[in-house]
Amino acid sequence: MLSPFVYEEPVSPDDLVDREDEIDTLFERALDARNSRLEGPRRYGKTSLLRALLTRCELQGCVPISVNFMGVLTVDDVAERIERAYGRQLDGTLKRWYAGLIRTLNPTFSGTPGGVGVSVAPQARTVALLERLALPLKLHARHAKQCVIAFDEFQDVLRIPGLAATFRSELEQHGTAAAYLFSGSHPGLMRDTFADRRYSFYAQAAAVPLGVLPPDALEQFISDRFAAGQRDPGEGLGPLLDLAAGHPQRSMQLAHHLYMRTSKGRTASADEWGVALAATFAEAGEEIYTAWQSFSTTQQRVVSVIAGRMIKLNSTEASRRFGLVKSGSNTKQAVDQLDRDGHIVRAQGTATGWRLIDPLLDLWVRNGRSWPS
């Protein structure tokens, strides 16, 4: 029995839920050769949305290129990722043109194991990168086509000293030859890079935020997928929507486990929902515990107060129950870091003004750092 709910990898455009407005905005900006950045927490479907957008841009005659920079450590790594992305994703006439052009550029050097026996001046490495960043200009000059280029996991580029300035020095020359889409899984670093005037990319890409999914859109999506498999989410649907709280990945994870425990031709009961919930807890348990262990002691206390929802961070009650120093700088630093790392987000109507992004972490903490039985 195959589940129609995908949550462990990026999804196809048909499996995106209620992201039409964001795609429309990005599409219009891309066609106008204006740069954008996706702003949202981890697991909110940024990579999936970029893929859907590039597919739409290609239908409009643009040349879509997606480069994933996850794990890059050096200038050579970055140049190699860009080169491989063009080599894989161009086709037909453009692929043949690229095969000839790439052989005229300075070589990258990441292919030499450990750099043994090779001494390369830093300037040569930068030149090789700049040549690959200039590919949209060359493509536009030869074929009169606009590129739409998605730089995913861009925060890893930003961690390499001096590289942000190198990127901007080339990209700002591209005019109508290309539109760039930036996405990353470290909200604080990405926000600083594009919104703080001290950084190279300040005001170079407009933010397009990704929020939680509305419950009515999720209900329709989940119900339709169950119906296609001759099933009904039944008594599991309401609790699923409540627990997931619009989190895209957790919604699909919970729906998957409910679907797998609902037989064909049956309607899910509270018992099926209970079994699905236990399966989800078992699957997510190690991940949740690892996240908790990665927090400092003060961060753990802050997270506990936020999950509890009922008291303010700087209150006497928070100090008494969780050991937070009232109006202490350590508390503010912990909140700021949790925000930058993408664990919490501002929320109106809560005592703390914040909420945890991951609803399973929120539940686990509220339940005394254990799963409900």
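The values are calculated or read from the model by the stated rules, or taken from the named source; none is laboratory data. Model, not experiment: these values are computed from the prediction. Here the Cβ is made from the backbone with ideal geometry for all residues, glycine too, and neighbour counts use every protein chain on show. We work out accessible area using only protein heavy atoms, side chains counted, and drop any ligands, DNA or RNA first. Shrake-Rupley method; radii C 1.70, N 1.55, O 1.52, S 1.80 Å.
Selection over the stretch 309-323 of residues that are open to solvent by less than 40 Å² (accessible area, probe 1.4 Å), part of a loop (DSSP other than H, G, I, E, B) and at pLDDT 90 or above gives a count of 3. Note on the stretch 176-225: among residues that are assigned to a loop (DSSP other than H, G, I, E, B) and among the charged types (D, E, K, R), the one that is surrounded by the most Cβ atoms within 10 Å (Cβ to Cβ) is D196. I306 fulfils the conditions (1) in contact with a strand residue (DSSP E or B) (Cβ under 7 Å, 6 or more places away or on another chain); (2) within 25 Å of L258 (Cβ to Cβ); (3) assigned to a helix (DSSP H, G or I) except for a single criterion, (2). Evaluate the following for A150: is it in a strand (DSSP E or B), under 16 Å from the mean Cα position of the chain (by Cα) and modelled with pLDDT under 95? Criteria not met by A150. Against the test of being under 20 Å from F226 (Cβ atoms) and either of a type in the set (S, T, N, Q) or within 23 Å of the chain's Cα centre (by Cα) (or both), the options S296, S263 yield a single qualifying residue, S263. Restricting the stretch 53-74 to residues that are touching an Asp or Glu at 6+ places or on another chain (Cβ under 9 Å) and hydrophobic (A, V, I, L, M, F, W, C), the residue that is farthest from D156 (Cα to Cα) is L53. When the stretch 1-59 is filtered for residues that are small (G, A, S) and surrounded by 15 or more Cβ atoms within 10 Å (Cβ to Cβ), the ones remaining, listed by number, are S3, A30, A33, S36, G40, G45, S48, A52. In this entry, V345 is excluded by the filter for residues that are over 18 Å from R250 (Cβ atoms) and in contact (Cβ under 8 Å) with a residue 24 or more places away in the chain. Within the stretch 1-33, the set of residues being polar (S, T, N, Q) and under 21 Å from N68 (Cα atoms) comprises just one member, S12.
Taking the condition of being under 27 Å from G184 (Cβ atoms), open to solvent by less than 60 Å² (accessible area, probe 1.4 Å) and not β-branched (V, I, T), how many residues in the stretch 325-362 meet it? Residues that pass the stated criteria total 15.
In summary, G184 fulfils each of the numbered conditions (1) touching a strand residue (DSSP E or B) at 6+ places or on another chain (Cβ under 8 Å); (2) modelled with pLDDT of 95 or more; (3) not hydroxyl-bearing (S, T, Y) with the single exception of condition (2). Could you give every pair whose Cβ atoms fall below 9 Å, whose first residue belongs to the stretch 248-277 and is surrounded by fewer than 18 Cβ atoms within 10 Å (Cβ to Cβ), and whose second residue is polar (S, T, N, Q) and not in a helix (DSSP H, G or I), counting only separations of at least 6 or pairs across chains? That search, which allows pairs on different chains as well, returns M260/S3; K264/Q230; G265/Q230; R266/Q230; S269/T262.
Those residues that are open to solvent by less than 40 Å² (accessible area, probe 1.4 Å), free of Cβ contacts under 8 Å to residues at least 40 places away in the same chain and either assigned to a helix (DSSP H, G or I) or charged (D, E, K, R) (or both), I need them from the stretch 71-91; list them, please. Of everything in the stretch 71-91, those that are open to solvent by less than 40 Å² (accessible area, probe 1.4 Å), free of Cβ contacts under 8 Å to residues at least 40 places away in the same chain and either assigned to a helix (DSSP H, G or I) or charged (D, E, K, R) (or both) turn out to be E80, A85, G87.
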